[in-house]
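Quick notes on the structure that follows.
The values are calculated or read from the model by the stated rules, or taken from the named source; none is laboratory data. Worth saying up front: this structure is predicted, and the values here are computed from it rather than measured. A quick note on method: Cβ atoms are made from the backbone with ideal geometry, for glycine too, and the neighbour counts reach across all protein chains shown. These area figures cover heavy atoms from the full protein model, side chains too; ligands, DNA and RNA do not enter into them. Shrake-Rupley method; radii C 1.70, N 1.55, O 1.52, S 1.80 Å.
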Amino acid sequence: MDAPTPEHELVDPKALAEAFGRRFGRRARVFFAPGRVNLIGAHLDYNGGPVLPLGVGRGTYVAVAPSGDGRCRLASRDLPGEFELDPSGRGEAEALGWAAYPVGVWKEMRSRGYEVGGFDLLVEGDLPRGGGLSSSASLEVATGTALAALFGLELDPVTLAEVGHRAENGFVGVQCGIMDQFASALALEGHALHLDCRTRSWRHVPLGAALEILILDSGKPRELVDSEFNRRVDQCREALGRLRRVRPGPEHLAGFTLAEVEAARAELGDLLFRRARHVVTEVARTELAVRALEAGDLALFGRLVRDSHESSARDYEVSCEELDHLVAKVCEVDGVYGARLTGAGFGGCVVALQRPGALGGEAREDLARTYRETFGRELRILRLEPGKAPRELPLR
Ligand code: GLA
């Protein structure tokens, strides 16, 4: 396979289609779905709370064509391994590596009765690798969008998100919430998505031109993310069980108040108390932040985002030294409203919100230099365009 796009450069859909032609000997169509950053609402989706993510201008690109023989062949320009499935779709998720995501989508569509045949697929992405910007959800949504178009099916964005989420929970085996797939499938240019993960009701919130979104890629690999993530899910389930002994009503942790969590401190014990406190205070911060954003109060919005980071670090314990350092330092820069870790945490990227152009010149160099001197790692800073819907890309 010829050389993929270097990391942090944007994928060229035409070059991807040409690589597909060389690999599979046929013409491809190319589809894109965005990665996401979550502005606030950390670890609330699987706790039934509100989140405020947005789709970004970077994501996953798939070049696809029907295979014609019922088989599926999957290759990537930037991930190892090539995979082939017979028309029955036999193949266990573990043996499939990254291909479990597109294969999971294909299987989920078929199990819902959609007539999807075999396909060949070549994938490439331009999100920072392992950065917590949801490359997996964007691969699922790109595959779903592509298969729907290839086989003449109508799938609305919510169904597309649900198919991707089922593929990841059921087939791949990660207990993630619904936020990532919804953020990718429902991305809208210039808007964030206010999603209630309990009722699944949602609406788009305009971001306005005064807010610029930066990604600070710490270069710190996200260690233990799967095991620690699943442990947080279990701890929340345990905390919910104990709180429900006091008040049986709510079915999610997000349904309790801070007063109730504080009153149950002894029953919860220190660790579960802090996990629950993060969840209920984050619900309140998120609702307030949405109102602040709509009112154009970016200073308050940024402060709440920063508080979200503190709570994620202190009570939920999903941060690390590198991310804490970056959040603290970037928030000292004039014109930066706030910053927090993105995704599950444990390494990866920080999202920073700024007045356009605030982190420039000297401030930017200072940040990178201090980071290098403290951690011996290179900091990469990317500006993200907000909101790009999943779509087919023109090839000329
Ligand atoms: C990961 C999961 C999401 C969400 C975030 C934390 O990205 O995939 O479902 O739980 O972590 O907010």
For ARG200, are the conditions met, namely being at pLDDT 90 or above, assigned by TED's automatic domain parsing to the domain that holds LYS329 and not acidic (Asp, Glu)?
no
PHE346: passes all of (1) assigned to a loop (DSSP other than H, G, I, E, B); (2) over 27 Å from PRO34 (Cβ atoms) but (2)
Count of the range 229-270 residues which are more than 21 Å from THR342 (Cα to Cα), part of a helix (DSSP H, G or I) and of a type in the set (Lys, Arg):
5
Looking at the range 148-159, which of its residues are touching a helix residue (DSSP H, G or I) at 6+ places or on another chain (Cβ under 6 Å) and either farther than 21 Å from ASP120 by Cβ or open to solvent by less than 10 Å² (accessible area, probe 1.4 Å) (or both)?
PRO157
Matching residues in the range 361-396 (of a type outside the set (Asp, Glu) and closer than 30 Å to ASP156 by Cβ) number 11
So PHE273, is it within 26 Å of ALA142 (Cβ to Cβ), part of a helix (DSSP H, G or I) and of a type outside the set (D, E, K, R)
no
Within the bounds of the range 351-363, is there any residue that is within 16 Å of the ligand (Cβ to nearest atom) and either open to solvent by less than 50 Å² (accessible area, probe 1.4 Å) or not assigned by TED's automatic domain parsing to the domain that holds LEU293 (or both)?
yes
I'd like to check which strands (runs of 3 or more DSSP E) are fully inside the range 38-139 and have at least 1 residues that are open to solvent by 30 Å² or more (accessible area, probe 1.4 Å).
53-66, 72-76, 83-85
Specify the residue that is most open to solvent (accessible area, probe 1.4 Å); the eligible residues are those in the range 194-234 that are under 29 Å from PHE273 (Cβ atoms) and among the β-branched types (Val, Ile, Thr).
THR199
Which one of these is within 16 Å of the ligand (Cβ to nearest atom), touching a helix residue (DSSP H, G or I) at 6+ places or on another chain (Cβ under 9 Å) and among the hydroxyl-bearing types (Ser, Thr, Tyr): SER138, SER111?
SER138
Can ARG274 be described as loosely packed, with under 14 Cβ neighbours inside 10 Å and away from the ligand (no atom under 16 Å from the Cβ)?
no
Starting from the range 59-88, take each residue that is more than 20 Å from HIS8 (Cα to Cα) and list its partners that are of a type in the set (Ser, Thr, Tyr) and open to solvent by 30 Å² or more (accessible area, probe 1.4 Å), counting only C-beta distances under 9 angstrom and pairs at least six apart or across chains.
GLY70/SER88
How many residues does the range 235-269 contain that are open to solvent by 90 Å² or more (accessible area, probe 1.4 Å) and within 16 Å of SER311 (Cβ to Cβ)?
1
For GLY164, the lone unmet condition from (1) within 14 Å of the ligand (Cβ to nearest atom); (2) over 25 Å from SER67 (Cβ atoms); (3) at pLDDT 95 or above is (2)
Applying the selection to the range 18-37, what residues are open to solvent by 20 Å² or more (accessible area, probe 1.4 Å) and out of contact with any helix residue (DSSP H, G or I) (no Cβ under 8 Å at 6 or more places or on another chain)?
GLU18, GLY21, ARG22, ARG23, PHE24, GLY25
Looking at GLY131, GLY190, GLY118, which one is touching a strand residue (DSSP E or B) at 6+ places or on another chain (Cβ under 8 Å) and farther than 20 Å from GLY59 by Cα?
GLY118
For the range 17-48, give me each residue that is in contact with a His (Cβ under 7 Å, 6 or more places away or on another chain) and more than 10 Å from the ligand (Cβ to nearest atom).
GLY48
